[in-house]
Amino acid sequence: MATLLRSKLSNVATSVSNKSQAKMSGMFARMGFQAATDEEAVGFAHCDDLDMEHRQGLQMDILKSEGSDEGAEPPLEGDIHYQRDGTGPLPPSASKEGAVCSELSGQGKPKITAWEAGWNVTNAIQGMFVLGLPYAILHGGYLGLFLIIFAAVVCCYTGKILIACLYEENEDGEIVRVRDSYVDIANACCAPRFPTLGGRVVNVAQIIELVMTCILYVVVSGNLMYNSFPNLPVSQKSWSIIATAVLLPCAFLKNLKAVSKFSLLCTLAHFVINILVIAYCLSRARDWAWDKVKFYIDVKKFPISIGIIVFSYTSQIFLPSLEGNMQNPKEFHCMMNWTHIAACILKGLFALVAYLTWADETKEVITDNLPSTIRAVVNIFLVAKALLSYPLPFFAAVEVLERSLFQDGNRAFFPNCYGGDGRLKSWGLTLRCALVVFTLLMAIYVPHFALLMGLTGSLTGAGLCFLLPSLFHLKLLWRKLLWHHVFFDVAIFVIGGICSVSGFIHSLEGLIEAFRTNAED
């Protein structure tokens, strides 16, 4: 009897552990989706932390309740029916565990309203990388303004069709949600021959975007500090090293609770800074150089501007999680419309007004054009925001790497980086420190905000926002699509592919040239 009891408890514990790992994978996927762009992951990260604590507290209760049902008969295998939409009957053991999962998903993770979802999307597409948009107008003129509008329309459309790929029609003709994430959609498109290939491609793109975002934060921190205090005998590289020294404790992060407390403050501070910049530009409206805005483009540098604009709209990677957490998912389309319309108007006005103020003197980070009297104050706030935003994409990238390299069951390449007591082992800490140092080295050797932003937007931004959503939409739902949807998807795929390749090539050439110049110096 004792042996049977221990065996049953062991099986239940294994089941609970497997469910915890599955939910943790979903947690990190959601965190990765949102941390890629700025503070949009904080609310969900906080809910996930509460969920983890709640789940750990309930584990013993599950074991006790399972132990009390020892005399109950197990369900017959033929009586177990499972449907992905959750409508099928559950066996007694599964219903108990399902009740716990339902409690966790319902109470531990409260649903959000359309306005709260819109706030997350706004944080994603109106982050501090908007500061590079006037530089895109410098090389694109009115075509750059058109591209800001065009990118908003396309990203809004691809966000909607990406969510459409989460749903399918069941036997009763009802539309049900059968997938939960971008990775699930990618895997469904590559099944049955390569059931995990699509997910791996999306994960690689996600890691690249997260790491490049971390590098951009270090670059912009060094750039802003150097231009704020030009009289100090400290170079931009030295400022980047100082910023990285401040960020080194990120290697010891276990959760984002401490960081999430500052998120809202940083976001509000950024909006205030944007308003200050626009107010200063409006004060110089009499001197605006309308004649400098042309219809011609700089053939060599405009493709880089495309990447900058696309990168500023990236939000698709976390939209499936966001839509799944909404109280009324039917409001998702309306939310996407007003958030992207607002972003389009604000970005276009910000970029145009800033360029009209400084014209050919427009710099990669527009705050560097401000007078020295207010530049230092504004830049210090931006540096603080960048440093506090760094842990979000860094933590998400680390968790994806740790899960795939150290914790992916039998497919892991290395031993688990966490001990039995939950402490981080030496090789896990080495991975985190190496990632921080890598972002520093990239920021030192390629300290060009616009080039890095253009490269990231052309490579991962265009892929995740333009190419993959349209391709997945055609692959999964082509039989139900109207002709104009097919036309839009094909057009977006072709145009996105051309812009992506062109922007990537020109950004890469610029980075190689900058790398050689810095190596010679």
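The values are calculated or read from the model by the stated rules, or taken from the named source; none is laboratory data. In this text the structure is predicted, and so the values were computed from the model without any measurement. For neighbour counting, all protein chains shown are included, and Cβ atoms are generated from backbone atoms with ideal geometry for every residue, glycine included. Just the protein is used for accessible areas: all its heavy atoms, side chains included, with ligands, DNA and RNA removed. Shrake-Rupley method; radii C 1.70, N 1.55, O 1.52, S 1.80 Å.
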16 Å reach of a label modelled at Lys300, 7 Å along Cα-to-Cβ, counting backbone N of the range 486-507: 503, 505-507
Residue-count net charge about Asp489 - beta-carbon cut-off 13 Å; Lys, Arg +1, Asp, Glu -1: +3
Sites Val490 and Tyr445, calculated FRET efficiency, Cβ-Cβ separation with R0 30 Å, nearest 0.05: 0.15
Residues with amide H under 5 Å from that of Ile112, placed H, sequence gap 5 or more: Met326, Gln327
For the range 119-195 versus the range 302-322, the gap between their alpha-carbon centres in whole angstrom: 8
Within the range 266-286: backbone nitrogen closer than 17 Å to the Ala342 label point (7 Å, Cα to C-beta): 266-275
Using θ = phi - 60° and Karplus 6.51 cos²θ - 1.76 cosθ + 1.60, couplings along the range 393-404 (whole Hz; Gly, Pro as x): x, 5, 4, 5, 5, 4, 5, 5, 5, 5, 5, 7
Summed side-chain charge close to His333 - residues other than His333 whose Cβ falls under 11 Å, Lys, Arg +1, Asp, Glu -1: 0
Backbone HN-Hα couplings from phi across the range 195-203 [Karplus 6.51/-1.76/1.60, Hz, Gly and Pro as x]: x, 10, 5, x, x, 5, 4, 5, 5
Net charge of Cβ neighbours under 14 Å - reference Gly454; Lys, Arg +1; Asp, Glu -1: -3
Accessible surface of the range 115-256, 1.4 Å probe, proportion on carbon and sulfur as whole %: 65
³J(HN,Hα) computed for each position of the range 151-161 - Karplus, 6.51 cos²θ - 1.76 cosθ + 1.60, integer Hz, glycine/proline x: 5, 5, 5, 5, 5, 5, 5, 5, x, 5, 6
Extension gain from Glu116 to Ile278, taking 0.36 nm per residue of separation minus the Cα-Cα distance: 55.7 nm
Residues Ile175 and Val501, FRET efficiency given R0 of 25 Å [Cβ-Cβ distance, rounded to 0.05]: 0.10
Across Lys347/Lys385; Lys237/Lys385; Lys300/Lys347; Lys292/Lys385; Lys294/Lys363, pairs whose alpha-carbon gap is larger than 21 Å: Lys300/Lys347; Lys292/Lys385
Of Ile492, Leu481, Phe504, farthest towards positive along the dipole that unit charges on Lys, Arg, Asp, Glu beta carbons give the range 478-521: Leu481
Residues of the range 328-397: accessible area per residue with a 1.4 Å probe, Å²: 37
FRET efficiency, 1/(1 + (r/R0)^6) with R0 56 Å, evaluated for Leu197 and Asp287 via beta carbons: 0.50
Assigned charges on the beta-carbon of Lys, Arg, Asp, Glu; the range 159-242 dipole about Cα centre (debye): 660
